[in-house]
Amino acid sequence: MPTPTKGARLGGGPAHERLMLANLATALFEHGKITTTEAKAKRLRPLAERLITFAKRGDLAARRKVMTVVRDKTVVHMLFTEIGPQYAGRPGGYTRITKIGPRKGDNAPMAVIELVEPMAEQVVAEATGAAKRAAKEREEATTEVVEESAVEETVVEEAGDEAGDVASDEVSDEIVEDTVEEVADEQAGEQADEQASEEGADDAK
Amino acid sequence: MPVPKRKMSRSNTRSRRSQWKASAPTLVTCARCKEKRPSHTACPNCGTYAKRRVLDV
């Protein structure tokens, strides 16, 4: 007896199910991130990852196999030239499903399925990390840090001039460099904080 | 085709319906925005899950 497919049955029949999954896979590879129901996302994940594995193999046979599912040649080309090589070092697990709660209208549980580690994703993650660090620093030393940094900047400039002219002690130079880096980090962190957590964190406050 | 012989009394109807109970959803506090959200779900308020932006809020 053949093992039944895991997950929910979709659509009105096997052909309908195949078509829906193929369309979902095409949309996922085209956009990198799609919102759908949890059941469809769970059915889509193994199919999409299998197609990406074909894309990593990259030969003509693999391309023809993928063409039987994804009918759009531009999407297949993108899959083989961009998405496949992107995951060369990743042994599976190319997609991520995040639940986003029930849908208005029919209360169906919805989810976002996305390809992991696109470039924008990393940027966002770094931004949130920087925001957290900046918030921590602000909690530890609130307004004094800003004033000190301003003072330090002026000191740094003067010290840099002196170092260029007189070639003063190496120890003081090192300290100056450290302070410069700290100030730069703080400024970068604050900017990232403003960009990343505009609404969420501020609303909570 | 079999059908009920007697009209069901209001008392019986209401007794049956007394077992209809709503349950409170299990909520956790979002670490980022401190709002309540369902567990294992992206926060509907700030649109993040596991420090990752999922929704455009």
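The values are calculated or read from the model by the stated rules, or taken from the named source; none is laboratory data. Bear in mind that the values here come from a model prediction, so they are computed numbers and not experimental data. For neighbour counting, all protein chains shown are included, and Cβ atoms are generated from backbone atoms with ideal geometry for every residue, glycine included. For the accessible areas, the whole protein counts, side chains as well, though only heavy atoms, and no ligand, DNA or RNA atoms are used. Shrake-Rupley method; radii C 1.70, N 1.55, O 1.52, S 1.80 Å.
Kindly provide the set of residues from the stretch A:71-120 that are farther than 30 Å from residue B:26 by Cα and among the hydroxyl-bearing types (Ser, Thr, Tyr), ordered by number.
In the first step, residues of the stretch A:71-120 are kept if they are farther than 30 Å from residue B:26 by Cα; the result is A:71-92, A:94, A:117-120.
A:74, A:81, A:87, A:94 - these are the residues of the stretch A:71-120 that are farther than 30 Å from residue B:26 by Cα and among the hydroxyl-bearing types (Ser, Thr, Tyr).
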Subject >> Qualifying residue in the stretch B:6-26 (condition: within 23 Å of residue A:111 (Cβ to Cβ) and within 14 Å of another protein chain (Cβ to nearest Cβ)) >> reply: yes
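Consider the stretch B:1-23. How many of its residues are open to solvent by less than 90 Å² (accessible area, probe 1.4 Å) and among the small types (Gly, Ala, Ser)? Outline the logic, then answer.
Of the residues in the stretch B:1-23, the ones open to solvent by less than 90 Å² (accessible area, probe 1.4 Å) are B:9, B:11-13, B:15, B:18.
Subset that is among the small types (Gly, Ala, Ser): B:9, B:11, B:15, B:18.
The total comes to 4.
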Subject >> Residues located in the stretch A:25-38, provided they are in contact (Cβ under 8 Å) with a residue 40 or more places away in the chain, open to solvent by 30 Å² or more (accessible area, probe 1.4 Å) and not hydroxyl-bearing (Ser, Thr, Tyr) >> reply: A:30, A:33, A:38
**OP:** Give the residues of the stretch B:27-48 that are closer than 18 Å to residue A:98 by Cα and open to solvent by 70 Å² or more (accessible area, probe 1.4 Å), sorted by residue number.
**Re:** B:27, B:29, B:31, B:36, B:40, B:44
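From the set of residues in the stretch A:60-72 that are more than 14 Å from residue A:22 (Cβ to Cβ) and open to solvent by 70 Å² or more (accessible area, probe 1.4 Å), which is nearest to the chain's Cα centre (by Cα)?
Just the residues of the stretch A:60-72 that are more than 14 Å from residue A:22 (Cβ to Cβ), to begin with: A:60-64.
Now drop any that are not open to solvent by 70 Å² or more (accessible area, probe 1.4 Å), which leaves A:60, A:63-64.
On the way: A:60: 31, A:63: 27, A:64: 30 Å.
Among them, the one singled out is A:63.
Among residues belonging to the stretch A:97-115 that are touching a residue at least 12 places away in the same chain (Cβ under 8 Å) and at the interface with chain B (Cβ under 10 Å from one of its Cβ atoms), point out the one that is surrounded by the fewest Cβ atoms within 10 Å (Cβ to Cβ).
That would be A:109.
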**OP:** Among the candidates A:41, A:55, single out the residue that is in contact with a helix residue (DSSP H, G or I) (Cβ under 8 Å, 6 or more places away or on another chain) and open to solvent by less than 20 Å² (accessible area, probe 1.4 Å).
**Re:** A:55
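Going residue by residue through the stretch B:48-55, is there one that turns out to be in contact with a Pro (Cβ under 8 Å, 6 or more places away or on another chain) and part of a loop (DSSP other than H, G, I, E, B)?
Let us first name the residues in the stretch B:48-55 that are in contact with a Pro (Cβ under 8 Å, 6 or more places away or on another chain), namely B:55.
From the residues that got through so far, the ones that are part of a loop (DSSP other than H, G, I, E, B) too are B:55.
Checked the stretch B:48-55: at least one residue is in contact with a Pro (Cβ under 8 Å, 6 or more places away or on another chain) and part of a loop (DSSP other than H, G, I, E, B).
Do you know which of the residues in the stretch A:64-84 that are of a type in the set (Val, Ile, Thr) and out of contact with any helix residue (DSSP H, G or I) (no Cβ under 8 Å at 6 or more places or on another chain) is nearest to residue A:50 (Cα to Cα)?
We begin by selecting, within the stretch A:64-84, every residue of a type in the set (Val, Ile, Thr); these are A:66, A:68-70, A:74-76, A:81, A:83.
After this cut, where a residue has to be out of contact with any helix residue (DSSP H, G or I) (no Cβ under 8 Å at 6 or more places or on another chain) as well, the list is A:68, A:74, A:81.
On the way: A:68: 13, A:74: 19, A:81: 16 Å.
Step by step, filter the stretch A:64-84, then rank; the result is A:68.
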